[in-house]
Amino acid sequence: MNNDQTALSDKGASLKEQFMTILEKKQLTIHFQPIVHFHSQQTYGFEALSRGPHESPFYSPSLLFPYAEREGLLYALEKIARERAFAESKGILNDKKLFINLNSQVMYDHQFNPGHTISLLNHYGISPDHVVFEITERNAIHDFAAFRNVLNHYREQGFQIAIDDAGAGYSSLQSISELMPDYIKVDRSLISGVDHNEVKFHILEAFVMFAKKMKCEIIAEGIETEAELQRVIDLGITYGQGFFIAKPNNPIPTITESAQKCLATFEQRKGRSVTIDVADEIIIVQNGTVLKRQHARELLGKIV
């Protein structure tokens, strides 16, 4: 073995030792990112995001979880992440939802135990109907029938299901149609630049129409600008999260002042429904200028 190979081997051994220490000592921290209901301008729930030790190479979840999967330790890591999320959210959820990531691959682990989660919830005094499992779309689901059986077990206990990263992974539409989720979380890759990219706009529009047919809710992920926020609201999307709204943190962060102002402005622009009699005249006004006048009876005649 030459010096370069030795160095690589030593580095690999060091990473494994650090990772095993994280598992043994449960050295995960949980950050919460608010998911906002746009029209009420209120926090609907929180996504629990796991981090490794701050100065560790595993601080970022983009390194932590793929490494665990490569080493065959994903289920062990997700169990600890779930327990830490429940422990950190004890007493602070109230009527809000807690969104927990669940990699589809853990279902195939021989150690997987679907009863573990309900035991943790009982321990921390959290009701299952406050918990939403986010099934990541970045991994292919090989056996939908078996996967559905596991999810049905969770649903019977009161949990809800979300498809995460929709639009970025494998067979989004098939996963949605097979698993019948309560929420579809659209990936940041479709939200980024949707205010000026017409192709992304039309793809997102198709997701919205599909979700309505499936009677589930869309959550826009990764909203980073005011323009993106306005665009997803214009599409009829009700929920969203992203750095523009609030960055992940612990304790739970509040909605940014910029996002609050934008949401309030959008609500003011929405207008309101008005009930009129068929004998009334409809006057359409914009900024104090009369644009059009029409008798309601004339409009009714066109409709019927």
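Side notes on the structure shown:
- Per-residue SASA remark: Asp143, around 70 Å² accessible (1.4 Å probe; ligands, DNA and RNA not included).
- Principal-axis analysis of the Cα atoms of the chain puts helix 115-124 at an angle of about 80° to the longest axis.
- For the chain, the calculated P(r) over all alpha carbon pairs, in 10 Å bins from 0 to the bin holding the longest distance, is 5, 23, 29, 22, 11, 6, 3, 1, 0, 0 percent.
- Value at 222 nm in deg cm²/dmol, rounded to 500, when DSSP H runs of n ≥ 4 in the chain each add -39,500 (n - 2.57): -13500 deg cm²/dmol
- For the chain, the longest principal axis of the Cα atoms and the long axis of helix 257-269 meet at an angle of about 30 degrees.
- Peptides 219-227, 189-197 ordered by average Cβ neighbours within 10 Å, highest first: 219-227, 189-197
- Calculated FRET value between His37 and Ser177, using beta carbons and R₀ = 35 Å, to 0.05: 0.85
- Projected area, mean over directions - segment 136-229, Cα convex hull, nm²: 6.1
- Helix axis angle, 74-89 relative to the chain longest principal axis, alpha carbon, degrees: 60
- Between Asp143 and Leu73, the C-beta separation translates, for a Förster distance of 22 Å, into a calculated FRET efficiency of about 0.50.
- Between Ala206 and Ala168, the modelled labels are 1.9 nm apart [label points 7 Å from Cα along Cα→Cβ].
- In this rough spin-label picture, where each label sits 7 Å from Cα along the Cβ direction, the Thr254-Ile92 distance is 1.5 nm.
- Ligands, DNA and RNA aside, Phe99 has an accessible area near 0 Å² when probed at 1.4 Å.
- Relative contact order (%) - criterion: Cα under 8 Å, at least six apart; region: the chain: 15
- Rounded accessible area of Met180 (nearest 10 Å², 1.4 Å probe): 100
- Cα gyration tensor shape of segment 60-193, rounded if a/c is under 1.5, else prolate or oblate by comparing a/b with b/c: rounded
- Solvent-accessible area, 1.4 Å probe, carbon plus sulfur percent, for segment 188-233: 57
- Amide N of segment 175-201 lying under 13 Å from the label point, which is placed 7 angstrom from the Cα of Val150 along Cα→Cβ: none
- The calculated FRET efficiency for Glu224 paired with Ile284, based on their beta-carbon distance and R0 = 45 Å, is about 0.80.
- Cα Rg, Dmax (largest Cα-Cα span) when computed across segment 208-270, Å: 12.6, 37
The values are calculated or read from the model by the stated rules, or taken from the named source; none is laboratory data. Since we're looking at a predicted model, the values are computed, not measured. All Cβ positions, even for glycine, are placed from backbone atoms using ideal geometry, and neighbour counts span all protein chains on display. For the accessible areas, the whole protein counts, side chains as well, though only heavy atoms, and no ligand, DNA or RNA atoms are used. Shrake-Rupley method; radii C 1.70, N 1.55, O 1.52, S 1.80 Å.
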